[in-house]
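Following: one structure in structure tokens, then a few remarks.
The values are calculated or read from the model by the stated rules, or taken from the named source; none is laboratory data. Computed from a prediction, not measured in an experiment: that's the story for all the values here. Virtual Cβ from ideal backbone geometry, glycine too; neighbours counted across all protein chains shown. Accessible surface areas use protein heavy atoms only, side chains included; no ligands, DNA or RNA. Shrake-Rupley method; radii C 1.70, N 1.55, O 1.52, S 1.80 Å.
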Amino acid sequence: MSRIGKMPIAVPAGVTVSIAENNKVTVKGPKGTLERVLPQEMEIKLNGDQVEVSRPSDLKKMKSLHGLTRTLINNMIIGVTDGYEKVLEVNGVGYRAAKSGKKLTLNLGYSHPIEMEDPEGLESVVDGNKITVKGIDKEKVGQYAAEIRDKRRPEPYKGKGIKYADEHIRRKVGKTGKK
């Protein structure tokens, strides 16, 4: 059995989970509503205040989908109760981030400022050299944070660029002069 897949998911108070045909799961909570169509092979059952996922057979594909399905439902429940956030840091002389309305403006040493529009359901907050991306959908939060980081990835010599707050940059030693 999948160790992750067989664990039941606790549904906290204030959260409603509904399972429609074709495994369309809808989770409503204090922060909003998330919908997702999950693999049809998996059997998703709601027992009181717990959601249980079971698989039909022990084929390799079914084993893979078992843990995935359970984790996706769990992420939806965490999203509508607590939400998700990713923190990015802007490092470098003259590198700045600014926010006006739903527009994030990045000055990253290019000849022009980069403007990014916050996607639907996500919010970005700029505090000094930190950019915080918040939302209820884990996948969208991670994707938008990755797109921001892609505008100027951290380089290994001086560490300039946009990095995740918990990311460690492997530094390299620069050139040495002739003796």
Practice item. May I ask you to rank Val133, Val173 by accessible area, largest first, using a 1.4 Å probe over the protein chains only? Key: Val173, Val133
Study note, to complete from the structure: Within the under-12-Å Cβ sphere about Leu72, not counting Leu72, Lys/Arg +1 and Asp/Glu -1 give a net charge of 0
Check your understanding: For segment 70-179, what class follows from the C-alpha gyration tensor (a ≥ b ≥ c being the square roots of its eigenvalues): rounded when a/c is under 1.5, otherwise prolate if a/b is larger than b/c, else oblate?
Key -> oblate
Point to revise | Accessible-area composition of the chain, carbon plus sulfur, in percent [1.4 Å probe] | key: 49
Point to revise | Cross-link pairs beyond the 19 Å C-alpha cut-off, checked among Lys31/Lys151; Lys31/Lys86; Lys6/Lys45; Lys134/Lys160; Lys24/Lys45 | key: Lys31/Lys151; Lys134/Lys160
Review point. Quick one: ranking Leu59, Leu72 by accessible area, 1.4 Å probe, largest first, what do you get?
Key: Leu59, Leu72
Check your understanding: Regarding segment 9-57, what is the average projected area of its C-alpha convex hull, in nm²?
Key -> 3.4
Review point. Taking a probe of 1.4 Å, how large is the accessible area per residue of the chain, in Å²?
Key: 63
Exercise for review: Using Cα centres only, tell me the gap between segment 38-52 and segment 112-179 in whole Å.
Suggested key: 37
Revision key, fill the gap. Val25 neighbourhood, Cβ < 12 Å, K/R = +1, D/E = -1, net charge +3
Review point. What's the center-to-center distance, using Cα atoms, between segment 79-96 and segment 1-29 in Å?
Key: 29
**Study point:** Most fluctuating residue given options Glu167, Glu115, Glu52, as computed from a GNM of the chain linking Cα atoms under 10 Å
**Key:** Glu167
